[in-house]
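Any read-out appearing in this document is the output of simple, stated calculations on the displayed coordinates, not a laboratory observation. Since the model is a prediction, treat every value here as computed from it, not as a measurement. Neighbour counts are summed over all protein chains in view; Cβ atoms, including those assigned to glycine, are modelled from backbone coordinates with ideal geometry.
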Amino acid sequence: MHHRTRLLFAFVFAALLAAQPLHAKKPETGFLDRAVTIQGIEYKYQVYLPVDWTTKKKWPVILFLHGAGERGDDGLIQSEVGIGTAIRRHRSRFPAVIVMPQCRKDIWWSDPVMAEMAMSAVAVSQKEFRGDPQRTYLTGLSMGGYGTWYLAANHPDKFAAIAPICGGILRPEESRKQPAEDTRPYTEAAQKVGKTPVWIFHGGDDPVVPVAESQHMAEAMKAVSAEVHYTEYPGVGHNSWEKAYAEPDFMTWLLSKSLNSPRSK
């Protein structure tokens, strides 16, 4: 009888030990693999969770759009350039859920399916990771800078603030042919984006995307009375995102914005 009691005690103790990790297990953080299905096709993407992420509070959510060189379907390479690199260097500067979808090759973020995929990845991440719908942000570089303007124009009430880097409205080949006095494309885009706060970055010697694209958009956004910050880096080429994401005040400014905040100067 004594032997059976000891066996029962050992069994119960082992069961308690086995069950303990289920309650005490720390949430998985860092770069996580995720996927979303659009029109029957699966698209892989990355989500970054801060090390102190918890379900006990709501979190700001940042949508990051990569450039043309990171297009593909591996769901990984888009986290290796831009904000992903900045996170790995200074994780403490990014206390937010950061969603990094991947655009397929040979198309842009303005493709309707790619735009839907990016917005779906944000929506899914908000639900899964306790995202704050009042504090959703948008940033992107190069082709992703173009995508930032595009999504902001098509979802003007979605983002609390945006940060396009070396992007624009007219693609490079079109921009170089655009008469300097014809600012209609930028005016029309700004009117769609509305008073969404924006911080624009561009390299002064960018050989890929004309810096005039960002200059025109800065003026157009000011004309609609939006809060506009414009940073141009003299002597810097296309990779202005390295300096932009390293700006000490960038994340502080971005995360201070909310859809509940007044949208005017």
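Tabulated results
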{"item": "Surface/4 of the Cα convex hull for the chain, nm²", "result": "17.6"}
{"item": "Relative contact order (%) - criterion: Cα under 8 Å, at least six apart; region: segment 27-255", "result": "17"}
{"item": "Partners for LYS222 among lysines (Cα-Cα distance below 19 Å; same-chain residues under 8 apart left out)", "result": "LYS192, LYS195, LYS257, LYS265"}
{"item": "Beta bridges per DSSP with both ends in the chain, % antiparallel, nearest 5", "result": "35"}
{"item": "Calculated FRET value between SER258 and ARG171, using beta carbons and R₀ = 41 Å, to 0.05", "result": "0.80"}
{"item": "Cut-off 11 Å between beta-carbons: net charge of the residues surrounding ALA86, Lys and Arg +1, Asp and Glu -1", "result": "+3"}
{"item": "Selection from LEU76, ALA190, VAL211 lying farthest towards where the dipole of the chain points positive, charges on Cβ", "result": "LEU76"}
{"item": "Trypsin sites (Lys or Arg not before Pro) within segment 64-173: DSSP coil, no more than 11 neighbouring Cβ in 10 Å", "result": "LYS105"}
{"item": "Charge dipole (debye, nearest 20) of the chain; +1 at Cβ of Lys and Arg, -1 at Cβ of Asp and Glu", "result": "1520"}
